[in-house]
Amino acid sequence: MELTNYLLYLITHGELMFEVRFYRDAAGRTPFGNWLDSLDEEARNRADAAIIRLSERGNQLRRPEADYLRDGIYELRWHIRRVQYRILYFFHGRQVVIISHGLTKLDRIPEKEIELAIRRKKVIQNQRE
């Protein structure tokens, strides 16, 4: 079965341990890609660097760059001045699937965002079976 709710994020930086993919909904929208395109140049460059690091280190990436939230959902983290950026993702074999639209925060990730990530994760896992 061909996966239709993935979009490969191509990275041409050395050898990758993990493929990084974006969640794409049934309408073909990639919430994360849209969010990424909306960032200013500095934030976009930092996002790209964080994603490359995630692709290289995978599940070996630890705090402060990444953290486990719950139910197989992780967050990729970076900040610029006082703005904290977060991307929610999970591991699917040798793939990292970015399933959030990207978040900026001051304190904690809202529970509704984690729940949305869990639902999207289940959609992808069910599609693979």
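The values are calculated or read from the model by the stated rules, or taken from the named source; none is laboratory data. Note that the structure is a prediction, hence the values are computed from the model and not measured. Because the Cβ atoms are built from the backbone with ideal geometry, glycine has one as well, and the counts that use them run over all protein chains shown.
Quick check on ILE51: is it more than 16 Å from PHE22 (Cβ to Cβ), among the β-branched types (Val, Ile, Thr) and either modelled with pLDDT under 90 or outside any loop (DSSP other than H, G, I, E, B) (or both)? Give the steps one after another, and end with the answer.
Working: more than 16 Å from PHE22 (Cβ to Cβ): no; among the β-branched types (Val, Ile, Thr): yes; either modelled with pLDDT under 90 or outside any loop (DSSP other than H, G, I, E, B) (or both): yes.
Against the criterion (more than 16 Å from PHE22 (Cβ to Cβ), among the β-branched types (Val, Ile, Thr) and either modelled with pLDDT under 90 or outside any loop (DSSP other than H, G, I, E, B) (or both)), ILE51 does not qualify.
Among the residues of segment 4-25, those identified as over 11 Å from the mean Cα position of the chain (by Cα) and either at pLDDT 80 or above or charged (D, E, K, R) (or both) are GLU15, PHE18, GLU19, ARG24, ASP25. Taken over segment 76-105, the residue count meeting the criterion of being in a loop (DSSP other than H, G, I, E, B), under 16 Å from THR30 (Cβ atoms) and not polar (S, T, N, Q) is 3.
Among the residues of segment 26-57, those identified as more than 19 Å from GLN84 (Cα to Cα) and out of contact with any Lys or Arg (no Cβ under 8 Å at 6 or more places or on another chain) are ALA26, ALA27, GLY28, ARG29, SER55, GLU56, ARG57.
Kindly provide the set of residues from segment 107-126 that are over 17 Å from ARG63 (Cα atoms) and among the hydrophobic types (A, V, I, L, M, F, W, C), ordered by number. Walk me through how you get there before you give the answer.
Step one: filter segment 107-126 for residues over 17 Å from ARG63 (Cα atoms), giving 110-126.
ILE114, LEU116, ALA117, ILE118, VAL123, ILE124, listed by residue number.
Total residues in segment 36-62 satisfying the condition of being surrounded by 12 or more Cβ atoms within 10 Å (Cβ to Cβ) and among the hydroxyl-bearing types (Ser, Thr, Tyr): the figure is 1.
Summed over segment 76-105, residues that are within 20 Å of GLU42 (Cβ to Cβ), touching a strand residue (DSSP E or B) at 6+ places or on another chain (Cβ under 7 Å), touching a residue at least 12 places away in the same chain (Cβ under 8 Å) and not β-branched (Val, Ile, Thr) total 9.
Set side by side, the residues ILE98, ILE87 differ, and just one is surrounded by 17 or more Cβ atoms within 10 Å (Cβ to Cβ) and either in contact with a Gly (Cβ under 7 Å, 6 or more places away or on another chain) or over 19 Å from GLY33 (Cβ atoms) (or both), which is ILE87. Keeping to segment 54-66, report how many residues are outside any helix (DSSP H, G or I), among the acidic types (Asp, Glu) and either under 12 Å from the mean Cα position of the chain (by Cα) or modelled with pLDDT under 90 (or both). Number satisfying all stated conditions: 0. Give segment 63-83 a look and list any residue that's of a type outside the set (D, E, K, R), closer than 16 Å to LEU36 by Cβ and surrounded by fewer than 20 Cβ atoms within 10 Å (Cβ to Cβ), or say none. Result: TRP78, ILE80, VAL83.
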